[in-house]
1. For segment 207-235, name all the residues that are closer than 12 Å to K184 by Cα, without any contact (Cβ under 8 Å) to a residue 24 or more places away in the chain and hydroxyl-bearing (S, T, Y).
2. Of the residues G204, G161, which is free of Cβ contacts under 8 Å to residues at least 40 places away in the same chain and within 15 Å of Y121 (Cβ to Cβ)?
3. Within segment 182-199, is there a residue that is in contact with a Cys (Cβ under 7 Å, 6 or more places away or on another chain) and more than 22 Å from E116 (Cβ to Cβ)?
4. Would you be able to say whether some residue in segment 69-76 is of a type in the set (V, I, T), in a helix (DSSP H, G or I) and in contact (Cβ under 8 Å) with a residue 40 or more places away in the chain?
5. Please work out which residue is nearest to W10 (Cα to Cα), limiting yourself to segment 45-54 and to residues that are modelled with pLDDT under 90 and surrounded by 15 or more Cβ atoms within 10 Å (Cβ to Cβ).
6. Count, please, the residues in segment 115-131 that happen to be over 14 Å from A165 (Cβ atoms) and at pLDDT 95 or above.
7. Look at E71 and say whether it is of a type in the set (D, E), at pLDDT below 90 and more than 21 Å from A165 (Cα to Cα).
8. Looking at the structure I just gave you, is C157 among the hydrophobic types (A, V, I, L, M, F, W, C) and at pLDDT below 95?
Amino acid sequence: MHEGHRKRLWQKLRDGDNLFEHEILELLLFNAYPRKNVNPVAHALLSRFPSINEVLNAPVEELMLVEGVGESVALYLKCVGEVYRLKNDCDSFAVINNTAELVEFVKARMRGKPVEVLEFYFMDKSSRVKRVCTFTDNDPGKVNVRPDEIIKLISVCRPQGVYIAHNHTNCPCEPSAADDNLTKKIQLICSLNNVKLYDHVIYGPDGVFSYFMTNRLDGIAYEYSAEKFFKDNLI
């Protein structure tokens, strides 16, 4: 019975359904009580404290006064509260407004890497980095990523736009034919998914190359757009 109730709540969360406050607290408590019916504990907490926010801000000693809440559960709720405060007190998002900021971001991430790394920076509409997805084959000279992996990431992260960055460990930052082909593939994937490809930069021993700043991205964006793809492939 408890297992079925848990599955229903997890499904509501997955589907994005509206959850009552006690249901949200139950979901949190599932991790503290792997096999126990947490509904009474959730209601007991919300009877003593007026909201989840108050529960998560309560002292450990006071939480332990609630029936069913031992020290380990009280510490768990305290930890969740600390994470919540950290989220609200700190702006943890990197912001990229232009190529100069992108280059500095890439330098900080790529500097000193002994193997080739390919990164995707998924951006929101406020120019904040929502996600960083990194690929590497632990090889100094190459890195591969399948198109279906990128399509899946885009469908899950739903970014406003994307920056691509990778490094050349032992050669200049000037793009190779393989780099051009990668840019074309990603541009087409982005266009088909209504996502803007902002730039592809390459970090090398001699500096940083930008497809956007050298105007190479404009031609690729035109040739590998969803509009042109469907036009050329209509039967």
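The values are calculated or read from the model by the stated rules, or taken from the named source; none is laboratory data. Small disclaimer: the values here were computed from a predicted structure and weren't measured. Don't worry about glycine lacking a Cβ; one is built from the backbone with ideal geometry, like all the others, and counts go over all protein chains shown.
1. Y222
2. On the way: G204 fails: within 15 Å of Y121 (Cβ to Cβ).
Residue meeting the stated conditions: G161.
3. Step one: filter segment 182-199 for residues in contact with a Cys (Cβ under 7 Å, 6 or more places away or on another chain), giving 196-197.
This time we only want the ones that are more than 22 Å from E116 (Cβ to Cβ), so: 196.
Yes, some residue in segment 182-199 is in contact with a Cys (Cβ under 7 Å, 6 or more places away or on another chain) and more than 22 Å from E116 (Cβ to Cβ).
4. Our first condition is that a residue be of a type in the set (V, I, T); within segment 69-76, this holds for 69, 73.
Within this subset, residues satisfying the condition of being in a helix (DSSP H, G or I) are 73.
Subsequent filtering for residues that are in contact (Cβ under 8 Å) with a residue 40 or more places away in the chain retains 73.
For segment 69-76, residues of a type in the set (V, I, T), in a helix (DSSP H, G or I) and in contact (Cβ under 8 Å) with a residue 40 or more places away in the chain: present.
5. As a first pass, look at segment 45-54 and keep what is modelled with pLDDT under 90: 46-54.
Next, from what is left, pick out any that are surrounded by 15 or more Cβ atoms within 10 Å (Cβ to Cβ): 46, 48-49, 52.
Working: L46: 20, R48: 25, F49: 24, I52: 18 Å.
Ranking the candidates gives I52 first.
6. Going residue by residue through segment 115-131, those that are over 14 Å from A165 (Cβ atoms) are 115, 124-128, 130.
From what's left, at pLDDT 95 or above: 115.
Looking only at that region, the number is 1.
7. Numbers: of a type in the set (D, E): yes; at pLDDT below 90: no; more than 21 Å from A165 (Cα to Cα): yes.
The answer is no for E71.
8. Working: among the hydrophobic types (A, V, I, L, M, F, W, C): yes; at pLDDT below 95: yes.
It is true that C157 is among the hydrophobic types (A, V, I, L, M, F, W, C) and at pLDDT below 95.
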